[in-house]
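First up is the structure itself, then whatever we jot down about it.
Just so you know, all these numbers are worked out from the coordinates, no wet-lab data involved. Fair warning: this is a prediction, and the values are worked out from it, not measured in the lab. Heads up, the Cβs are rebuilt from the backbone with ideal geometry, glycines too, and the neighbour counts pull from every protein chain shown.
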Amino acid sequence: MLRKNMFVYALLFLLAVPLGFKSYDAHAASDQQIQELKQMIEQNRRENEQNRRQNELLNQKIEQLEAEKAANQAQVQESEAQMQEFISNKADKPIGAEFALTIGAQSGPFKTGTGFYMSGELGLPLYKNLGPGKLMGLINIGWAKTDDNLTFEPTINAVAPGALPTQTSVTLDTVSILLGLKYKVEAHHIVQPYLVAGPSFNIFLNKSNPGNQVGGIAPQPNKLQKNGYPSGQGSAELGLAAGAGVDFNVTKKVFVGAEARYNYVDRSNGSFGTYGGRLGFRF
């Protein structure tokens, strides 16, 4: 009986050993597969993480490009708006040249009294931003007419004791051309004072009527000469002019103002003044 049991145990042992090895091999293969699956999962996780980062970078790049595109579009729109504003201002804003018509009076040269005066002038900008204002080249052409009556004492009282003084009417036309400079202060957008100065060319055209004479006695020519009155039909004289004025802007292109100017002529009693109101246009 003992031998029979030992035989059974031996047979069971022989059968269990192969089964054990087979089970061990199965477990080992299962562990290896598990490790391989884990490695594949880890690799996939890493690849997914890498793809996620790449996607984030791509999204950031897309956002950056979209922001740059929006900024460029805004810059283009701003440039177009500035261009439109520039064109609009350019069309509406004058270049700074001025034309003005002045009407007033002239204190007549050669003691001929005060008469009518008018002038037209053109000012062209030379420097637009010179201090608080601008400097312009100025061309001014003026005309004045003065009339006066002069009384002359007879010169031959010894020959004609009863001779009476003689009345002579004098008419003088003055044409003055000023080529100078004008500085206009533009700190205020409405009230704009200015100064003018420069050389002038003056033409005096005279006409005299002897009037009534007593005893055939002619007017004394020395009195006219003493006043500096040009002989003959007139004369041309060089001179200097300087003055000041103020303009009041009505609109961007229209202004009104007043001006007074002193005109020096190197001739006895030849200097004269002009003053009057102005209406001007800016273009």
Cα-based reach from Lys207 at 14 Å (exclusive), listing aspartates and glutamates while leaving out same-chain residues under 8 positions away: Asp147, Asp148, Asp173
Proximal aspartates and glutamates to Lys253, defined as alpha-carbon separation beneath 17 angstrom and excluding residues fewer than eight positions away on the same chain: Asp92, Glu98, Glu121, Glu186
Long-range Cα-Cα pairs in segment 91-132 (distance over 11 Å), rounded percent: 75 percent
Cα-Cα over 24 Å, subset of Lys145/Lys182; Lys38/Lys61; Lys128/Lys252: Lys145/Lys182; Lys38/Lys61
Ranked packing of 257-268, 110-121, most packed first, by mean Cβ within 10 Å: 110-121, 257-268
Potential lengthening between Ile177 and Ala105 on full extension [0.36 nm per residue; Cα-Cα distance subtracted]: 24.3 nm
